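Reviewing the structure listed below.
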Amino acid sequence: MLIFHRVIFSNTWRPPCSLLSIIRRLRCQFSFSNCVSKCYIDEECNDFLPWLEHKAGVEISSLLSIGKSANGRSLVARHLINPGDCLLKVPYNVQLAPDDLPRGINSLLGDYVGNVAKVALLILYEQNLGKKSEWDPYITRLPRPEDMHNTIFWDDSELEMIQRSSLHKKTIMHKLFVEQEFSTIKEVGKFYLPV
């Protein structure tokens with residue numbers, strides 16, 4: 001039996017951003033019997049769901065836990081889930097969005113960079129605040145580059161293995177796009193922000 005989750009959103013639409021994306025990536029598609037043997041509760045994350053529940057102001061089902069598996073961190077159910085059960089609501093106020101950048105930074109960037117780069121910059125900004133950030137429990141649990149299995153993080157010798165493939169071409173194009181966006185951020189910062 002596969003375990004599924006249902007996420008309820010508020011009526012106000014905003015583009016999905018970092019927190020929503022990470023919650024979606026927390027995979028719930030483990031068979032219940034396999035989950036027990038292949039996935040274990042991540043004790044380092046015991047305080048994350050209570051933090052999210054407090055920040056969101058909504059109840060998170062006690063059936064849920066954060067687990068670890070071969071695929072990384074996962075949102076797992078401790079018991080069977082009945083059809084129609086609402087396990088987790090993610091209101092928009094607990095999603096990092098481009099609009100959450102400090103006003104001065106957001107106005108400087110304008111339309112020069114896309115929303116994904118703005119959210120990445122916001123994460124870096126919050127990460128720089130450390131424990132002072134209200135997002136610290138979330139930021140500290142984001143995967144590190146070495147934990148991500150994405151070709152954009154591969155070095156040249158690894159990329160050689162997929163040379164002459166469409167994946168190689170798409171990876172190079174995506175890397176160039178990301179470098180261009182962050183180059184723009186760097187230039188805007190040099191031009192407008194005091195040193």
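The values are calculated or read from the model by the stated rules, or taken from the named source; none is laboratory data. Values in this document were obtained by computation on a predicted structure and should not be read as measured data. Because the Cβ atoms are built from the backbone with ideal geometry, glycine has one as well, and the counts that use them run over all protein chains shown. Accessible surface is based on the protein model in full, side chains and every heavy atom, while ligands, DNA and RNA are left aside. Shrake-Rupley method; radii C 1.70, N 1.55, O 1.52, S 1.80 Å.
A few points about this structure:
- One residue from G104, G114 being without any contact (Cβ under 8 Å) to a residue 12 or more places away in the chain and under 14 Å from I185 (Cα atoms): G104
- Pick from the range 61-81, criterion out of contact with any Lys or Arg (no Cβ under 8 Å at 6 or more places or on another chain) and crowded, with 20+ Cβ neighbours inside 10 Å, ranking: nearest to W135 (Cα to Cα): V76
- Of everything in the range 154-195 that is aromatic (F, W, Y) and at pLDDT below 85, the residue that is most open to solvent (accessible area, probe 1.4 Å) is F191.
- Residue count for the range 44-81 under the criterion of being modelled with pLDDT under 85 and part of a helix (DSSP H, G or I): the result is 2.
- Test: K118 is basic (K, R) and in contact with a Pro (Cβ under 9 Å, 6 or more places away or on another chain): yes
- Selection of the range 82-97 for residues being touching a residue at least 60 places away in the same chain (Cβ under 8 Å), in a helix (DSSP H, G or I) and open to solvent by 10 Å² or more (accessible area, probe 1.4 Å) yields only Y92.
- Candidate set from the range 98-136 (those that are basic (K, R) and surrounded by fewer than 16 Cβ atoms within 10 Å (Cβ to Cβ)); member that is nearest to V178 (Cα to Cα): R103
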